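J.: Quick one: this structure, given as structure tokens, is what I'll be asking you about.
The values are calculated or read from the model by the stated rules, or taken from the named source; none is laboratory data. Keep in mind the model is a prediction, meaning the values are calculated, not measured. Methodologically, a virtual Cβ is constructed for each residue, glycine included, from the backbone with ideal geometry; neighbour enumeration extends over all protein chains shown. Note: accessible area is taken over every heavy atom of the protein model, side chains too, but ligands, DNA and RNA are not part of it. Shrake-Rupley method; radii C 1.70, N 1.55, O 1.52, S 1.80 Å.
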Amino acid sequence: MPTANDSAPQLEESTRVLTAPRAPSPAAHPHLASVATALPANTVPQSATRALAAHMFEEGLDPDDRRLLAVFESSGIETRHFCMPLEWYAQVRTFGEMNARYLEHAVALALEVSSRAIERAGLSPADVDHVVFVSSTGLATPSVDARLANLAAFRSDVRRTPIWGLGCAGGASGLARARDFALADPSARVLLVALELCSLTFQRRDLDRRNLVAAALFADGAAAAIILGAEARVPAANGSGSGARALELVASRSMLWPDTLDVMGWDVDERGLHVIFSRDIPTIVRDWVRPNLDSFLAANGTSLEQLGHVVAHPGGPKVLAAYAEALGLPPIAFRHARDVLRECGNMSSPTCLFVLERALAAGDIRPGDSAVLAALGPGFSSELVLMRGAEM
């Protein structure tokens with residue numbers, strides 16, 4: 001039988017354990033504190049890009065392919081934003097020249113959009129613990145996030161995770177990975193930057209139909225977000241943007257469908273990046289999106305009927321129509337996605353975050369409402385993030 005002296009050390013140990021800081025409960029989710037967007041300075045009407053495409057391509061296209069120029073009118077796009085003046089793209093450019101422009105403009109745009117997101121969250125650059133940088137339209141080593149860190153006055157011990165190759169799924173995937181980091185370190189303040197300069201992948205000499213369709217759809221832009229761990233500290237006075245802890249990030253899912261590598265991506269040769277995307281993408285959305293979403297929601301104790309909002313990447317009008325058909329939702333459910341597509345085009349990875357910014361600004365996602373951020377990308381893959389309006 002133990003004596004009083006024998007039990008004393010155990011009591012001390014027990015007391016020490018009970019008074020130690022405890023890990024957050026599973027219900028303490030990371031939060032989205034802010035989201036911000038930025039666009040390059042060159043705003044181009046869709047009519048002007050069609051005229052340039054007709055000038056560059058029409059003589060080299062057969063009559064069937066020339067009819068593809070109608071995609072400029074049916075794209076649902078009125079304006080797009082490019083990092084270079086429109087006439088610059090009329091000349092043949094080397095891969096090296098295009099990539100040099102990518103590096104120049106990506107760093108500047110990343111600084112602009114990250115500064116905006118940090119300020120909206122009521123933080124300073126020195127408060128950022130981890131940077132997740134997502135892009136698929138240029139190459140850089142040291143990566144763009146390292147160059148950004150030198151300009152933005154991040155701490156020298158900031159952690160960095162550059163992610164390449166996720167295409168249109170990159171914004172949703174980046175938010176999910178930022179959530180993962182905030183789960184692993186509940187005190188972390190994570191900056192996500194999703195940035196694409198799709199115009200710099202345009203191939204002047206490529207007469208492939210996919211290149212022409214890409215020229216009608218894709219554009220340049222950047223989005224950034226601050227994700228806070230459940231125990232992350234923020235100053236008492238927050239910025240004026242979307243507000244601190246606007247959304248709880250409840251769960252995420254990545255889905256990679258086998259034998260679909262030819263649906264979306266890049267072909268790479270000495271001239272640069274050549275777009276790959278299948279005309280079957282709307283059919284894939286109709287057939288595959290609903291079962292995947294239903295399974296994800298069921299695993300998290302909810303359903304599509306209980307879901308308040310679907311924040312979808314607007315790949316194009318046919319993709320949005322396929323989402324509405326597959327999910328049984330009215331067109332108005334995708335109004336922000338259509339507006340982003342009309343005013344900015346398909347900017348690949350940051351586009352879904354543009355849609356999310358508008359949904360938050362409109363006050364659509366109220367406290368307690370559930371929402372899913374959804375995007376599809378190369379692989380062929382799906383990225384889903386389940387969110388809930390936070391009680392302020």
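J.: For mean projected area of the Cα convex hull in nm², the choices are (1) 18.7; (2) 23.6; (3) 21.0; which was calculated from the structure?
T.: Recomputing mean projected area of the Cα convex hull in nm² here gives the entry labelled (2).
J.: Count the net charge of all other residues whose Cβ sits under 15 Å from the Cβ of THR283, scoring Lys and Arg as +1 and Asp and Glu as -1.
T.: 0
J.: Could you work out how far apart the two model spin labels at LEU151 and GLU104 are, taking each label as a point 7 Å from the Cα in the direction of the beta carbon, and quote it in nm?
T.: Inter-label distance under the simple model: 1.3 nm.
J.: Let me ask you something else. Please compute the per residue accessible area over the chain with all protein chains in place, 1.4 Å probe, rounded to a whole number of Å².
T.: That works out to 44 Å² per residue.
J.: While we're on this one: Taking the mean number of other Cβ atoms within 10 Å as a proxy for protection, how do you rank 41-54, 354-367 from highest to lowest?
T.: Put in order of decreasing packing, that is 354-367, 41-54.
J.: Follow-up. Once you have the Cα-Cα distance between SER47 and LYS318, take 0.36 nm times their residue separation minus that, and quote the gain in nm to one decimal.
T.: 95.5 nm
J.: With each pseudo-label sitting 7 Å past Cα toward Cβ, what's the ALA70-GLN306 distance in nm, one decimal?
T.: The two pseudo-label positions are separated by 4.6 nm.
J.: Quick check: at a probe of 1.4 Å, how many percent of the accessible area of the chain sits on carbon and sulfur atoms?
T.: Exposed carbon and sulfur together represent 54 percent of the surface.
J.: Order 135-148, 299-312 from most to least packed using the mean count of other Cβ atoms within 10 Å.
T.: Per-residue mean Cβ counts within 10 Å order the peptides as 135-148, 299-312.
J.: If I take every Cα pair under 8 Å that is 6 or more residues apart in region 269-392, average their sequence separation and divide by the length, what percent do I get for the relative contact order?
T.: Normalised by residue count, the contact order of region 269-392 is 25 percent.
J.: Taking the Cβ of ALA188 as the centre, find all other residues whose Cβ is under 11 Å away and add up their charges (Lys, Arg: +1; Asp, Glu: -1).
T.: So the surrounding residues net to -1.
J.: Could you work out how far the C-alpha centroid of region 177-192 sits from that of region 263-285, in angstrom?
T.: Computed from Cα coordinates, the inter-centre distance equals 32 Å.
J.: Starting from 0.36 nm per residue, how many nanometres of slack lie between ARG271 and SER187 once their C-alpha separation is accounted for?
T.: Here the segment from ARG271 to SER187 would lengthen by 25.8 nm.
J.: Which residues does a label at ALA299 reach in region 162-200, if reach means a backbone N under 18 Å from a point 7 Å past the Cα toward the Cβ?
T.: In region 162-200, the label zone of ALA299 (backbone N under 18 Å from the point 7 Å along Cα→Cβ) covers 172-181, 183-184.
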